[in-house]
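> My questions all concern the structure below.
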Amino acid sequence: MHDRFHLADGAAAMKAVVTIGHGGYDRLVYRDVPVPVPGPGEVLIQVLAAGVNNTEINTRLGWYSSAVRTGTEAAALAAEAEAIDRPDGGWNGGTPFPLIQGTDCCGRVVALAAGVDAALLGRRVLVRPCRRPHGFASLDNVWMASDFDGAFAQYVRVPAGEVFPVECDWSDVELATIPCAYGTAENMLHRAGLQPGEHVLVSGASGGVGSAALQLARRRGARVTAIASAAKHAGVRDLGAERVLGRDEDPVGLLGPQSVDLVVDNVAGAGFGGLLGTLRRGGRYVSSGAIGGPLVTLDMREFYLRDLTLIGCTAWDEPVFPDLIGYIERGEIRPLVAGVFPLERIAEAQREFLLKAHVGNFVLVPPLTV
C-alpha cells in the first residue's frame, strides 16, 4: 500500500493515529507523519481534543459494507479474528486507507492559506465534519475521518468554511464531545420537524447521539421517553427524560400503541418493529445508525396503513451546526464526558466505548507539543 504519510527528511512532523486498513485494533498505528499544509481556502488547526464515535469504529471495521449483517459489537469481534478488506466498507464506497480518522475536532487555528479571513487566526473552533461539496441543495456529502483525514492527530487542515469559532467557558475536552453526536442528533430532529409538546421515543439514550437527542428534544419543548439499560436510568432521567424503559422491555406494551409522535432510533436490529408500533398515525421514524444490527423486519402494512414517514439522515442540513454553536454559547445544552484518554491509547478508548457501560462521550487528547 502506498504510504502517503511518508515523512521526508527535514519535514515537520506530528503524532497521529493512522488507520491502515479494515480490521482490528492492530490497524491503528500511532506514528510520526508530516504536518499538513493548508491549501487554498483552508486553515491549519492544532487539535486540542478529539471525540470518539461509533462511526470511526465502523469505518475501520468496514461495517458499512452490504456484506456485514451484524451490529458493531459483533463486527468488532469478527474483525479481531479475521481482517477482511471491504471495497464498499465506507460511507461513500471505499475508504481511502491509509487514513487519519477522528470526526470530532476542538482545536485552535494556527495557520491560514492566502485569502482566508485573518480574524480566524488564534480562535478556538469546532469543525463541522459533514461537508456538502455541491451545496445544500444537493444531498451529496463527504465526511471528515471517513472520506478525508480527521482529528486523531496533533494538526488537521480543513476548509475555512467548515470552521466555527465558539466563545464559552467549556473545556477543550467538553467541546470535543459535540460535533458528530450532537450534530447528528440535531440534524435528525431538524429533518423530522420536531415540535413543542410532541412525544419522542429515543433508543440508545445513554450513548453519544442518544443522550444528545434527548437533550436537544427537551430543548425544543418535547416530552421524551428514553430507552437505556437499567444501570443508566438515573443518568438518563437527569438529562430530562420523562420516562425510561429498559432495553429488553416492550415499548408498545408499556407506552401503548400509537402513543408516540417521533421515534429517534440509532439502534435498529431486533427492536425495530416494536419502536414502529408505538408511532401514532402520521408519526415519523428517524435514524442515522444501526448499532444493534442493520437488518430489520418491517411489516409494510404498518408502514402504509398508518401513513408513517421513515427518514434517513446522513447529510447535515445547513442550519444544524451554526445552531449548535448558539446552543453552546447560550448554555442551552451541556456536554457529557464519559472518559478522557491520551491519543496513543485510542485502542483502549474504543474498547471501553464498545462495552457500552458509559453515558456520553469519550475524548482523546493529543500531545500539545510537537
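Since every read-out is calculated from the coordinates, none of them should be taken as a lab result. This one's a predicted model, so the numbers in the text were calculated from it and none came from an experiment. Here the Cβ is made from the backbone with ideal geometry for all residues, glycine too, and neighbour counts use every protein chain on show.
> Using a 10 angstrom Cβ neighbour count of at most 11 plus a DSSP loop assignment to flag exposed trypsin sites (Lys or Arg not before Pro), which longest range of the chain is free of such sites? Spell out each step's value before the answer.
Values: sites that count: ARG69, ARG330.
Result, exposed sites excluded: 70-329.
> Then there is this: Convert each backbone phi in the stretch 46-62 into a coupling constant with the Karplus relation 6.51 cos²θ - 1.76 cosθ + 1.60 (shift: θ = phi - 60°), then list the ³J(HN,Hα) values in order as whole Hz, x for Gly and Pro.
Running phi through 6.51 cos²θ - 1.76 cosθ + 1.60 with θ = phi - 60° gives 7, 6, 9, 6, 9, x, 9, 10, 4, 5, 5, 5, 4, 5, 4, 6, x Hz.
> What whole-number distance in Å separates the alpha-carbon centres of the stretch 246-301 and the stretch 41-90?
What the calculation gives is 25 Å, centre to centre.
> Hey, another quick one. Can you run phi through the Karplus equation (6.51, -1.76, 1.60; θ = phi - 60°) for the stretch 238-252 and list ³J(HN,Hα) in whole Hz, with x for Gly and Pro?
Rounded to whole hertz, the list is 5, 7, x, 5, 6, 8, 10, 9, x, 5, 9, 7, 8, x, 5.
> How far is it, in nm, from the label point at CYS168 to the one at SER229 when both lie 7 Å from their Cα along the line to the Cβ?
Going from the CYS168 label point to the SER229 one covers 2.8 nm.
> Between the stretch 172-243 and the stretch 1-40, how many Å separate their Cα centres?
What the calculation gives is 35 Å, centre to centre.
> Sticking with this structure for a sec: Compute the convex hull volume of the Cα atoms of the stretch 303-354, divide it by the residue count, and report the result per residue in Å³ as a whole number. Numbers along the way, then the final one.
Details: hull volume 10.6 nm³, N = 52.
With only Cα atoms used, the stretch 303-354 gives 203 Å³ per residue.
> What's the percent breakdown of Cα-Cα distances in the chain across 20 Å bins, shortest bin first?
Binned Cα distances yield the sequence 30, 59, 11, 0.
> Return the FRET efficiency for the residue pair GLU302, GLU249: r is the Cβ-Cβ distance, R0 is 25 Å, and the value is rounded to the nearest 0.05.
On the way: r = 20 Å, r/R0 = 0.80.
E between GLU302 and GLU249, to the nearest 0.05, is 0.80.
> So what are the ³J(HN,Hα) numbers for the stretch 258-266, from phi and the Karplus equation (6.51, -1.76, 1.60; θ = phi - 60°), rounded to whole Hz, Gly and Pro as x?
Values per residue, Gly and Pro as x: 6, 10, 10, 7, 9, 9, 10, 9, 10 Hz.
> Right, another one. Please say if the stretch 180-312 is rounded, prolate or oblate, where rounded means a/c under 1.5 for a ≥ b ≥ c the square roots of the C-alpha gyration tensor eigenvalues, and otherwise the choice is prolate for a/b larger than b/c and oblate otherwise?
Taking the square roots of the gyration eigenvalues as a ≥ b ≥ c, the stretch 180-312 is rounded.
> Using a simple spin-label model with points 7 Å from Cα along the Cα→Cβ vector, what separation in nm is obtained for THR369 and ARG4?
3.2 nm
> In terms of modelled amide H atoms, which long-range or inter-chain residues lie less than 5 Å from the amide H of VAL29?
HN-HN under 5 Å from VAL29: VAL18, THR19, ILE20.
> Equivalent ellipsoid semi-axes for the stretch 112-232, as square roots of 5 times the alpha carbon gyration tensor eigenvalues: give them largest first, rounded to whole Å. Please report the intermediate quantities before stating the final value.
Details: eigenvalues 182, 60, 42 Å².
Equivalent ellipsoid semi-axes, largest first: 30, 17, 15 Å.
> Report, in deg cm²/dmol and to the nearest 500, the calculated mean residue ellipticity at 222 nm for the chain, where each DSSP H run with n ≥ 4 adds -39500 (n - 2.57) and the sum is divided by the residue count. Don't skip to the end; give the middle numbers.
Details: 11 runs with 91 residues, N = 370.
The per-residue figure over the chain is -6500 deg cm²/dmol.
> Kirkwood Rh and Cα-based Rg: tell me the resulting Rg over Rh for the stretch 25-129, rounded to two decimals. Working shown, then result.
Details: Rg = 16.9 Å, Rh = 15.9 Å.
In the stretch 25-129, Rg relative to Rh is 1.06.
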